[in-house]
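Worksheet: one structure, shown below.
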Amino acid sequence: MELEFLSAHMHNPPFFRGIFSSFYPVPTTRLIICPNKPKLGKFSFNCFSCAAVQQVVEPNYPSVEKKPKLQDSLKYGAKKRFFDVGDGDFVEKNSKFQDSLKYGAKKRFFDAGGGAFLIRDKKRGHKWHSEKLKEYAAELRLKEGKALHGEMIRSGVEPDSHLWVSLINFYSKCGDLSFAENAFELITERDVVLWTALIAGFIAQGYGRKGICLFRDMSGEGIRPNEFTLATVLKGCSMCLDLKFGKQIHAEVVKGAAFSDVYVGSALVDLYAKCCELESAVKVFFSMPEQNSVSWNVLLNGYVQAGQGEEALRLFLKMSDSEMRFSNYTLSTILKGCANSVNLRAGQVIHSMLVKIGTEMDNFTSCSLVDMYNKCGLQVDAMKVFLRTKNPDTVAWTAMISGLDQQGQKREAVKLFCLMRHSGLRPNQFTLASVVSAAADSVDLSCCKSIHACVYKFGFDSEECVSNALIAMYMKLGSVFDGRRVFSCMSNRDIISWNSVLSGFHDNETSYEGPKIFRQLLVEGLRPNMYTLISNLRSCASLLDASLGKQVHTHVVKANLGGNIYVGTALVDMYAKCGQLDDAEVIFYRLSEKDVFTWTVVITGYVQSDQGEKAFRCFNQMQREAIKPNEFTLASCLRGCSRISSLDNGQQLHSEVIKSGHFSDMYVASALIDMYAKCGCIKDAESLFQSMGSSDTVLWNTIICAYSQHGLDDKALETFRTMLGEGILPDGVTFIAVLSACSHLGLVKEGRRHFDSMKIGFGITPSFEHYACMVDILGRAGKFNEMEHFIQGMELAPNALIWETVLGVSKAHGNVELAEQAANTLFEIDPKAESSYILLSNIYAAKGRWADVSKVRALMSRQGVKKEPGCSWVEIDNQVHVFLSQDASHPRLKDIHKKLEELALRVTAAGYIPNTNYVLHNVSDKEKIDNLSHHSERLALAFALMSSSRNSTVRIFKNLCICGDCHEFMKLASVATNREIVIRDINRFHHFSHGTCSCQDYW
């Protein structure tokens, strides 16, 4: 007897038990007949029939009368030895229960260990277990299903083919594919149904490639697929876009005459549609013997996914003509097509159909309607549909939040998310990704961090789409290291993750990180795309590193993106900012397509390289090609006019600004004011500033700097006070202009007060430019001791700019000793700087120390430094005329000299006496006077007087500082000619009028 029970207990294969048995606890709800220490006494098995025993051991199929009948069949004493555990299950309390069983009955019981006995009824037990597994699979109750499987193992149930399928289906649907595969490996005889169950399980969980591999294994064992197998494998091919293998399956379908199956046909249509072979999808669809709603929906969805919304609509009309009943899914698919193609009219027709059939308020269709109206730009209608939806679910809320985000209504999207949270609904990863995207442009950093905390709260911090949105959010807000931390915590990073983190490292302070991240991306085996390369090129442009940019350029060529307009624009920008305009031009003219941004980039490159003429020619060519300039194009061109002082071109651009409606743009307005100021028209600049309805810090800085450069230093300080009064906060540029004005006016105390207020009052850390301004204030006032103490107490180590300023004030005061100290320091810092040699040489020349002058000139020669020749230029009738000192190249030179002699007589009559101290050459007095009379600015003045109208202002521009003698000559010339003469030298503007200069002889 014991051997029989042992044999029954060991009936299942030991390998099967070894894998599964240890994972399952013994369930508490099984039918157990367990012995107890008291003996049976007079009670024997004969007190109940075999039928009664069967009623005890099959609790799931009891009739209402079975429990009472069992109890009635037990004598009063026997009843005490059983207790009812519910659902018709009874437990026996006698350790010698097996002795009370007849030999035939023993075979129907199984010793489960520990004195517990289970009945085995193979036929009905399989059915019950299969149904239970099906129930657990539907409810995804993995734990209960595993417990049931454990009971099957312990009870010695030998699964048949149907039960094996149930087990595999259960584990597959619950997502435990390793157990499904292990169970499958234990089956000795596998048929097509078992193979299909395992293949379907993997594909249903998103493992299309694994499903294909299993299908190959099945074919290797010589098992022919059925229609369901083929349809399932085709779904796997669609999932991983394996068109090549899908076509092989198509051949199997044709060979096996399975094409008549509508599900196989639908799977084929789906495969070709998802692999963007819509022609093949259409051929398969219309060659099918019959079509059902699934096949129609598959083809419709294919057209929509391919962005062919109009074709989808035409197919929908055919579907309507065929009297095929369409579902909510069909109408939702068409609405997606209308949304993608922005076909509002068709979308409204579908909306009316939904109203007609009464499914408008359905969550599924209302989401599609919200999406359609949002993408068609009708957020009000989208909101109406959303508000009419009864109890909108998370998907509906997400559709509305995403729509507001995509249409730029970022703040409204964030508010709607807050309402969703108050409604008690739990957001999903798509909701959070949308609200994170919206928050980046609409709220502050603290609010964005609160949303990040919300992401953690709901456990979506490991979702790629949410993490990518968080990285992009932090990068937009400038919190790049927070974004980097999110990136570092990601376990799976796609190319979007890398692009998001790269997008933040473009500015001057953090751009060095961009190339490092790019190299890491390549090491990890990812292929850079268009956005990766653009971000890295922007980093190289910020670093001004052309060699690194050229390496990125090679990746552009490898990726075959050289002709891409966006990548091409980034390349032009990189080369232009790195000063390699020849390379920028080559790429620019190779581009087959150029938009306004491409043109703006190359124009800006010319402007930054001081090639204003080329910039304006490029602007004219752009207009000839019918490309309308935007505000950035106009601002760049205006900056170019400022740099070359081209008033005529600047005025043409001013008219273009008014015509295009960009006058209210702050950057364009500030560029216009700067252009007029740099071209010597300070009154026009002032009028423009006063006409602006609103102004920002940049605009105020522009006019304050303009006043300071034109010698209107009192106005500059007054404007600064007005700026503060209107609540506009100054920045570092503002204080450079203010300190320059204090220097020109000799306001030492006020300059010191403004310098101290930078850090204390406004939290601005002084830069080298601010320290240089303060050195200039003290030096021009002759306070050399204070200046020396100030330099020694600087928080920054003195650089070339500081010592150049010291050298400049030494020249103004003739302090040779201090000049020599500053010059020697400059020779060490930058031995190639021309200005240091020229200033020291001029100081020696002014003192008559010609031997020292010769030494400095010889030192210049040894260092290979050449002096830039002084030149002046004047613009007449939109043409620039350039003059050099002692120039003999101008075609009207004789007329110019004649006019200059005539002017010299009138100026001499007004009291002009040549000051030969400003001739820094060791020559005779006669030669000195002749040299002075032919300085370039006097030649330019004579030509301007000859060529311009009598009442116009003469505007002359000079590349060096005007000498004292010419300064005196121009003052008297303004009286002799009754004309205003404006000269811009390297330092500032001089407005000569009625015998005085705006600089008050302090420059």
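The values are calculated or read from the model by the stated rules, or taken from the named source; none is laboratory data. Just so you know, these numbers come straight off a predicted model, no measurement behind them. No Cβ is skipped: glycine too gets one built from the backbone with ideal geometry, and neighbour counts run over all protein chains shown. Heavy atoms of the whole protein, side chains included, go into the accessibility calculation; ligands, DNA and RNA do not. Shrake-Rupley method; radii C 1.70, N 1.55, O 1.52, S 1.80 Å.
Can you tell me which residue is surrounded by the most Cβ atoms within 10 Å (Cβ to Cβ) among those in region 915-973 that are in contact (Cβ under 8 Å) with a residue 60 or more places away in the chain and of a type in the set (S, T, N, Q)?
S936
Any idea how many residues of region 453-479 are open to solvent by less than 10 Å² (accessible area, probe 1.4 Å), hydrophobic (A, V, I, L, M, F, W, C) and either over 20 Å from L425 (Cβ atoms) or in contact with a Cys (Cβ under 9 Å, 6 or more places away or on another chain) (or both)?
Adding up the residues that qualify gives 3.
Need pairs with beta-carbon distance below 7 Å; first residue closer than 10 Å to C578 by Cβ and open to solvent by less than 50 Å² (accessible area, probe 1.4 Å) and within region 543-556, second modelled with pLDDT of 95 or more and not in a helix (DSSP H, G or I); sequence gap 6+ or separate chains.
none
Checking the conditions here, which among I760, I791, I728 is open to solvent by 30 Å² or more (accessible area, probe 1.4 Å), more than 30 Å from Y918 (Cα to Cα) and assigned to a helix (DSSP H, G or I)?
I760
From the set of residues in region 862-882 that are open to solvent by less than 30 Å² (accessible area, probe 1.4 Å) and assigned to a loop (DSSP other than H, G, I, E, B), which is nearest to L826 (Cα to Cα)?
Here the answer is V865.
Among L903, L840, L826, L859, which is touching a residue at least 60 places away in the same chain (Cβ under 8 Å) and either part of a helix (DSSP H, G or I) or under 27 Å from C679 (Cβ atoms) (or both)?
L903
Find the helices (runs of 4 or more DSSP H) located wholly in region 169-262 whose residues include 3 or more that are open to solvent by less than 10 Å² (accessible area, probe 1.4 Å) and touching a Gly at 6+ places or on another chain (Cβ under 8 Å), and list them.
Those helices (runs of 4 or more DSSP H) span 208-220, 227-239.
Those residues that are open to solvent by 20 Å² or more (accessible area, probe 1.4 Å) and either assigned to a loop (DSSP other than H, G, I, E, B) or touching a strand residue (DSSP E or B) at 6+ places or on another chain (Cβ under 6 Å) (or both), I need them from region 980-994; list them, please.
If the condition is that a residue be open to solvent by 20 Å² or more (accessible area, probe 1.4 Å) and either assigned to a loop (DSSP other than H, G, I, E, B) or touching a strand residue (DSSP E or B) at 6+ places or on another chain (Cβ under 6 Å) (or both), then E980, R984, I986, N987, H991, H994 are the ones that fit.
Sort out which residues of region 373-391 are closer than 16 Å to S332 by Cα and not hydrophobic (A, V, I, L, M, F, W, C), and write them in order of number.
Once the filter is applied, which keeps residues that are closer than 16 Å to S332 by Cα and not hydrophobic (A, V, I, L, M, F, W, C), region 373-391 yields Y373, N374, K375, T389.
Restricting to region 256-292, give me the number of residues that are hydroxyl-bearing (S, T, Y) and over 41 Å from the mean Cα position of the chain (by Cα).
3
List every residue pair whose Cβ atoms lie under 7 Å apart, where the two residues are 6 or more positions apart in sequence or sit on different chains, the first residue falls within region 742-758 and is closer than 21 Å to W1003 by Cβ, and the second residue, located anywhere, is among the acidic types (D, E) and part of a helix (DSSP H, G or I).
Between residues of region 742-758 that are closer than 21 Å to W1003 by Cβ and residues that are among the acidic types (D, E) and part of a helix (DSSP H, G or I), the close pairs are C742/E750; S743/D776; H744/D713; L745/D713.
Looking at (1) under 30 Å from C376 (Cβ atoms); (2) free of Cβ contacts under 8 Å to residues at least 24 places away in the same chain, which is the one condition that is false for K247?
Looking at each condition in turn, K247 falls short on (1).
Conditions tested, residue by residue: (1) open to solvent by 50 Å² or more (accessible area, probe 1.4 Å); (2) at pLDDT 85 or above.
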site: F417; (1), (2): no, yes
site: R426; (1), (2): yes, yes
site: F430; (1), (2): yes, yes
site: V436; (1), (2): no, yes
site: A440; (1), (2): no, no
site: I451; (1), (2): no, yes
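For region 796-810, name all the residues that are part of a helix (DSSP H, G or I) and surrounded by 19 or more Cβ atoms within 10 Å (Cβ to Cβ).
Matches in region 796-810: I802, W803, E804, T805, V806, L807, G808, V809, S810.
Determine, yes or no, whether K173 is more than 25 Å from C213 (Cβ to Cβ) and of a type in the set (K, R).
The answer is no for K173.
Among the helices (runs of 4 or more DSSP H) lying completely within region 299-372, list those that include at least 3 residues that are among the polar types (S, T, N, Q) and at pLDDT 75 or above.
Helices (runs of 4 or more DSSP H) meeting the threshold: 328-340.
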